[in-house]
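First up is the structure itself, then whatever we jot down about it.
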Amino acid sequence: MNCKPLLGLAAVAVCSHAAAQITFYEKDHFRGRTFATSEAISNFKRTNFNNEASSVVVERGRWEVCEDPQFQGRCVVLRRGSYDSLSNLGLNNEISSVRPVHGNRQYE
C-alpha cells in the first residue's frame, strides 16, 4: 500500500492547524464542529458558524469577538488560552464577527 498520499494529507492538516490562531467549537469543552481562522471575519454567516460558538481556543495573540457582524454589538477581547465555555462571558452562541487585536490598539 502506498502511504505517501496519506502522509501528504496529514502534513497539510497539521500545517493548516498550526497556521490557525483562533479556533471556535460548536459545543462546550471543545466538542462538536470547529471553525478556525488567522484573519478577521466581519460576518460569520459566510462561514456557516454564525451564533454557533460555545467554546474557543486562542492559540496566538489577542482577538476581539463581537455579538454582531462588522464588529458591532457587545465585544470582548480574548487573550491566548482556552475558554471551555463562552457562557461565562455571556457570548454562548452569540459570536458573529472576530478580528485580531494588533499591539495596544483599542477598538470602539
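Considering each residue of region 27-46, count those that are of a type in the set (Ser, Thr, Tyr) and open to solvent by 40 Å² or more (accessible area, probe 1.4 Å), and give that number. I'd like the intermediate steps shown before the answer.
Of all residues in region 27-46, those of a type in the set (Ser, Thr, Tyr) come to 34, 37-38, 42.
From the residues that got through so far, the ones that are open to solvent by 40 Å² or more (accessible area, probe 1.4 Å) too are 34, 38.
Count: 2.
I need every pair where a residue in region 34-54 that is within 14 Å of GLY73 (Cβ to Cβ) has its Cβ under 9 Å from the Cβ of a residue that is of a type in the set (A, V, I, L, M) and surrounded by 15 or more Cβ atoms within 10 Å (Cβ to Cβ), sequence separation at least 6 or different chains.
Once the first residue is within 14 Å of GLY73 (Cβ to Cβ) and sits in region 34-54, its partners that are of a type in the set (A, V, I, L, M) and surrounded by 15 or more Cβ atoms within 10 Å (Cβ to Cβ) give SER42/VAL98; PHE44/ALA53; PHE44/ILE95; PHE44/VAL98; ASN50/ILE95; ASN51/ILE95.
Sort out which residues of region 67-83 are open to solvent by less than 60 Å² (accessible area, probe 1.4 Å), out of contact with any Leu (no Cβ under 6 Å at 6 or more places or on another chain) and over 17 Å from SER38 (Cα atoms), and write them in order of number.
Filtering region 67-83 for residues open to solvent by less than 60 Å² (accessible area, probe 1.4 Å) gives 67, 69, 71, 73, 75-76, 78, 81, 83.
Those left that are additionally out of contact with any Leu (no Cβ under 6 Å at 6 or more places or on another chain): 67, 69, 71, 73, 75, 78, 81, 83.
Hits for region 67-83 are GLU67, PRO69, GLY73, CYS75, TYR83.
For every residue, the table says whether it meets (1) modelled with pLDDT of 95 or more; (2) farther than 20 Å from PRO100 by Cα.
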position	(1), (2)
LEU7	no, yes
ALA11	no, yes
ARG31	yes, yes
PHE35	yes, no
ASN43	yes, no
ASN50	yes, no
TRP63	yes, no
ASP68	yes, no
PHE71	yes, no
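The values are calculated or read from the model by the stated rules, or taken from the named source; none is laboratory data. Everything quoted here is computed from the prediction, not taken from an experiment. Positions of Cβ are backbone-derived with ideal geometry, glycine not excepted, and every protein chain shown enters the neighbour counts. In case anyone asks, the SASA skips ligands and DNA or RNA and just uses the protein heavy atoms, side chains included. Shrake-Rupley method; radii C 1.70, N 1.55, O 1.52, S 1.80 Å.
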